[in-house]
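Novice: I'd like to ask some things about the structure below.
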Amino acid sequence: MAPLQLYLASRFLTTIAYQIESLAVGWQVYALRKEPLDLGWVGLAQFIPMLAFSLLGGQVADRLNRKKILLVAYLIWMVTVVLMAIATATGKMNLNLFLVLLFVQGTIRAFSNPAAHAFITQVVAESDLKRAIALGASIWQISTILGPLIGGMLYGFFEGAAWIYGVCAICSILGVLLLRQVEARDHEKMTEKLSLRELFSGVDYVWKNKMILGCISLDLFAVLFGGATALLPAFASDILHVGPTGLGVLRAAPAVGAIVTSLILAKRPIKTHAGLWLFFHVTVFGLATVGFGISELAWFSFIMLFITGASDMVSVVIRMTLVQSATPPSMRGRVSAVNSIFISASNELGEFESGVTASWFGVVPAVVIGGLGSIGVAALWAWKFPKLRKMQD
């Protein structure tokens, strides 16, 4: 197999494992007390270490061998899911233990995400980078479709989560074995002495590059407000009444929309008016989120989630292409670390925000308010970042 194929296969398996685990954790945590805020704590436990360590992770990715970083990270993650399996099987799993293990996983991702985002540039030629990113996004979305579906079916089949975590561990070790075989070019390593100035150099670069800043911050706030993923266990259990298998289908819906879009973009990449397409699709994302929030029909909820994933994928491809192409090779790890913080804030911190607002107003108003917030963010950013709005490719 070619290096890119091996790398994408490894990412596919490790993402499958992460998605299966996320479904099991969400359903298991919500079942403990039927408290939406507990789902928010799950997100916060993963966000805090991402915020604390991602900049250091970017430094490490630019100073050390990125492949070795990923191998170590995947192996440690595998240990955490084995501990989840043991604790669940022995009846000792509780919310506090969940949060501790998820904190460890968040720390791992603070180091693995910058390395993974930058590592793909060592596997393909610069001229093939745009298509490789789109293909990688497609593979990632396929795994986010299959992961929740497999997790939901396994949860119903085994009537519990212990064996599911075992499956996650197996997928992870297979991903490690594939990654070990990837041959990659050496990258230009950062040699400057580590200091606070160097630690925040990625932040400084992003802050000065308003195109990158506008693009990644738009995604941050749009998904922060509009993300409904954290509350899906509550919708599946109490509103749509579809059980863990239905939860798997709902979690897969955004990925189904995203994979369709990413395959189209891989075949026909955006060549003009990329900025306008970006803001248009963020607005569509917000409208679809509102539609999901007011839905009481499982099939309509699936369609709305499908649309959120399809529209978000346009933003992902535009953002990833801009970040990688506009960043010098020697800084890609540090800039990817900043991007990882923004992504984590939009996802994990967004989960906490969703849990808090749901505990205040209820799950339906929380999602509707969030969707309207995403639309407002798109309008504000289109005004504040005119160069981003006028970006052509």
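Novice: Does residue 110 qualify as being closer than 24 Å to residue 351 by Cβ, touching a residue at least 40 places away in the same chain (Cβ under 8 Å), of a type in the set (A, V, I, L, M, F, W, C) and assigned to a helix (DSSP H, G or I)?
Specialist: Answer is yes for this residue.
Novice: Further question: Name the residue that is nearest to residue 6 (Cα to Cα), counting only residues in the range 146-187 that are assigned to a helix (DSSP H, G or I) and modelled with pLDDT under 80.
Specialist: My answer is 155.
Novice: Filter the range 155-177 down to the residues that are farther than 19 Å from residue 32 by Cα and crowded, with 23+ Cβ neighbours inside 10 Å and list them by number.
Specialist: The answer is 168, 171, 172, 175.
Novice: While we're looking at this one, here's another question. How many of the residues in the range 89-105 are part of a helix (DSSP H, G or I), modelled with pLDDT under 90 and closer than 16 Å to residue 168 by Cβ?
Specialist: 2
Novice: Further question on the same structure: Filter the range 45-79 for residues that are within 19 Å of the chain's Cα centre (by Cα), polar (S, T, N, Q) and either within 23 Å of residue 30 (Cα to Cα) or not in a helix (DSSP H, G or I) (or both) and give the result.
Specialist: Correct list: 46 only.
Novice: For the list (1) within 19 Å of the chain's Cα centre (by Cα); (2) over 21 Å from residue 143 (Cα atoms), I need the number of the one condition that residue 240 fails.
Specialist: The number of the failed condition is (1).
Novice: Six or more apart or on different chains, Cβ under 6 Å: which pairs go from a residue in the range 62-76 that's in contact (Cβ under 8 Å) with a residue 60 or more places away in the chain to one that's part of a loop (DSSP other than H, G, I, E, B)? Could you list them?
Specialist: Partner pairs satisfying both residue conditions: 62/190; 63/189; 63/190.
Novice: Residues of the range 1-44 being buried (at least 23 other Cβ atoms within 10 Å of the Cβ), under 15 Å from the mean Cα position of the chain (by Cα) and among the small types (Gly, Ala, Ser), which ones?
Specialist: 17, 43
Novice: Also: With respect to residue 259, is the statement that it is among the β-branched types (Val, Ile, Thr) and within 22 Å of the chain's Cα centre (by Cα) true?
Specialist: yes
Novice: Are any residues in the range 242-296 over 30 Å from residue 211 (Cβ atoms), at pLDDT 85 or above and hydroxyl-bearing (Ser, Thr, Tyr), and if so, which ones?
Specialist: 295
Novice: Sticking with this structure for a sec: Which one is farthest from residue 117 (Cα to Cα), of the residues in the range 2-27 that are at pLDDT 85 or above and of a type in the set (S, T, N, Q)?
Specialist: This residue is 22.
Novice: Let me ask something else. Does residue 224 count as modelled with pLDDT under 70 and either out of contact with any strand residue (DSSP E or B) (no Cβ under 6 Å at 6 or more places or on another chain) or loosely packed, with under 13 Cβ neighbours inside 10 Å (or both)?
Specialist: Yes; evaluated as a whole, the condition is true for this residue.
Novice: Among the helices (runs of 4 or more DSSP H) lying completely within the range 328-393, list those that include at least 3 residues that are farther than 13 Å from residue 219 by Cα and at pLDDT 80 or above.
Specialist: It comes to 350-361, 363-384.
The values are calculated or read from the model by the stated rules, or taken from the named source; none is laboratory data. Computed from a predicted model, the values in this text were never measured in an experiment. All Cβ positions, even for glycine, are placed from backbone atoms using ideal geometry, and neighbour counts span all protein chains on display.
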